[in-house]
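The next block holds one structure in the form of structure tokens; read it before the comments.
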Amino acid sequence: MARPCRIGVQLPEVERHVPWPELLSMARAAEDAGFDSIWVGDHLLYDLPEGAARGPWEAWTSLAALAVATHRVEIGPLVASTSFHAPAMLAKQAATVDAISDGRLILGLGAGWNEREYRAFGFLYDYRVSRFEEAFTVIRTLLRDGHTDFDGTYYRVEDCVLDPGPVRPGGPPLMLGSIGPRMMRIGLPHVDAWNVWWSDYGNTPDGFAAVKSRVDEAAAKAGRRPEDISATAAVLVGLPGGRGRVMGENSKPPVRPVPGSPDELAAHVSAMAEAGASHLQLVVDPITQDSVERLADTLVVLDR
């Protein structure tokens, strides 16, 4: 029996300091365990509750290395902030990683939110959604058509040619990393998938179903058939030894992690698929290689 939906795992972000060799081993363990995808966050710096500052490895150089270190799993940013690169350059990076991975990139895109890292690294924080709209236009046009001219309020490119292009005709699938009303109006006419973070739907199948209903309505208003846009979601999973996920954004209400026993997690995955999810990204607490390998038992249950 095939698993009810694709299942990926997010690699560590700022839960703890993770040396690069350990991150690489974790990615290989996820592929060996049978996961369908591996994901990295695209962030630069977080202020932690105890007062320290910590950042993850940079997303695009990491994805290029992971593309070489793995052979089967899909890879992607969850999700890439269009604010951190000139849009034509981000399209160039995506095309390169798509080629290195032989067509395994899923390009998740968002407008960003963490003001701390914007200020620290010198990126403009204002008009993020307006900037995203222009950047998204440039990125998708280059990846799908290979050429664009664009003269906007925030970005300008002149006779830009994306060469070499992505290995897949039309480029990697695009995933919208937002369920905000304006972001959906911008993205849903064009994307192949959308994603919701676990804290934005309460980490429950019912919460996800409610969000999906809202996104499906927005997709229809945008002239798309909802069934043509894949619904994806991050799922917070708790394993023995977990102490709460360390993250930079603490304003949302806490949610209950899904228990990580094989049967309980498999039941949750099946319920999410029944609610309409086609791809899940497991955000695991604690996130270690041992945790990734332990979750292989859940995949065995789902694949029976």
Which value, in debye to the nearest 20, describes the size of the charge dipole of the stretch 89-162 about its Cα centre when Lys and Arg Cβ atoms bear +1, Asp and Glu Cβ atoms bear -1, and nothing else is charged?
300 debye
In angstroms, what radius of gyration and Dmax does the stretch 131-170 have, counting Cα atoms only?
10.2, 31
Roughly how many percent of the accessible protein surface of the stretch 178-267 is carbon and sulfur, given a 1.4 Å probe and a whole-percent answer?
53 percent
Helix-only mean residue ellipticity at 222 nm, the chain, DSSP H runs n ≥ 4 weighted -39,500 (n - 2.57), per residue, nearest 500. What is it?
-11500 deg cm²/dmol
Around V301, what is the net charge, scoring Lys/Arg as +1 and Asp/Glu as -1 over all other residues with Cβ under 11 Å from its Cβ?
-2
Given a cut-off of under 8 Å on Cα pairs at least six residues apart, what relative contact order in percent is computed for the stretch 1-135?
22 percent
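Find the relative contact order for the chain and round it to a whole percent, using C-alpha pairs within less than 8 Å whose residues are 6+ positions apart.
22 percent
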Using protein chains only and a probe of 1.4 angstrom, how many square angstrom of Y127 are accessible, to the nearest 10?
140 Å²
Counting Lys and Arg as +1 and Asp and Glu as -1 over every other residue whose Cβ sits under 14 Å from the Cβ of R182, the net charge comes to +3
Which label belongs to the value computed from this structure, given these candidates for Rg and Dmax of the Cα atoms in Å: (1) 30.2, 116; (2) 18.4, 55; (3) 18.6, 61?
(2)
Per-residue HN-Hα couplings for the stretch 196-211 [Karplus 6.51, -1.76, 1.60; θ = phi - 60°; Hz; x = Gly/Pro]
10, 7, 4, 6, 8, 10, x, 6, 10, x, 5, x, 5, 4, 5, 5
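Per residue, how much accessible surface does the chain expose to a 1.4 Å probe? Answer in Å², no decimals.
Roughly 43 Å² per residue, with all protein chains present.
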So what are the ³J(HN,Hα) numbers for the stretch 115-128, from phi and the Karplus equation (6.51, -1.76, 1.60; θ = phi - 60°), rounded to whole Hz, Gly and Pro as x?
4, 3, 6, 4, 5, 5, 9, x, 9, 6, 9, 7, 6, 4
Report, by chain and number, residues whose modeled amide H sits under 5 Å from the one on I7, excluding near sequence neighbours (fewer than 5 apart, same chain).
D36, S37, L280
Bins of 10 Å, beginning at zero and ending with the bin holding the largest distance: percent of Cα pairs per bin for the stretch 74-206, please.
13, 42, 35, 9, 1
Sticking with the crude label model, points 7 Å out along Cα→Cβ, report the distance from R225 to E22 in nm, one decimal please.
4.8 nm
Virtual spin-label span in nm between D151 and E274, 7 Å along Cα→Cβ
5.7 nm
What does the charge dipole of the stretch 1-41 about its Cα centre add up to, to the nearest 20 debye, if the Cβ of each Lys and Arg holds +1 and the Cβ of each Asp and Glu holds -1?
120 debye
Hey, which lysines would be in cross-link range of K212, C-alpha to C-alpha under 24 Å, not counting anything within fewer than 8 residues on its own chain?
K221, K252
Starting from the Cα of D159, step 7 Å along the direction of its Cβ; do the same at E50; then give the gap between the two resulting points in nm.
5.7 nm
What does the charge dipole of the chain about its Cα centre add up to, to the nearest 20 debye, if the Cβ of each Lys and Arg holds +1 and the Cβ of each Asp and Glu holds -1?
400 debye
In whole Å, how far is the Cα centre of the stretch 156-200 from that of the stretch 111-132?
18 Å
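The values are calculated or read from the model by the stated rules, or taken from the named source; none is laboratory data. Owing to the predicted nature of the structure, the values given are computational and were not obtained by experimental measurement. No Cβ is skipped: glycine too gets one built from the backbone with ideal geometry, and neighbour counts run over all protein chains shown. Surface accessibility is based on the protein's heavy atoms, side chains included, excluding ligands, DNA and RNA. Shrake-Rupley method; radii C 1.70, N 1.55, O 1.52, S 1.80 Å.
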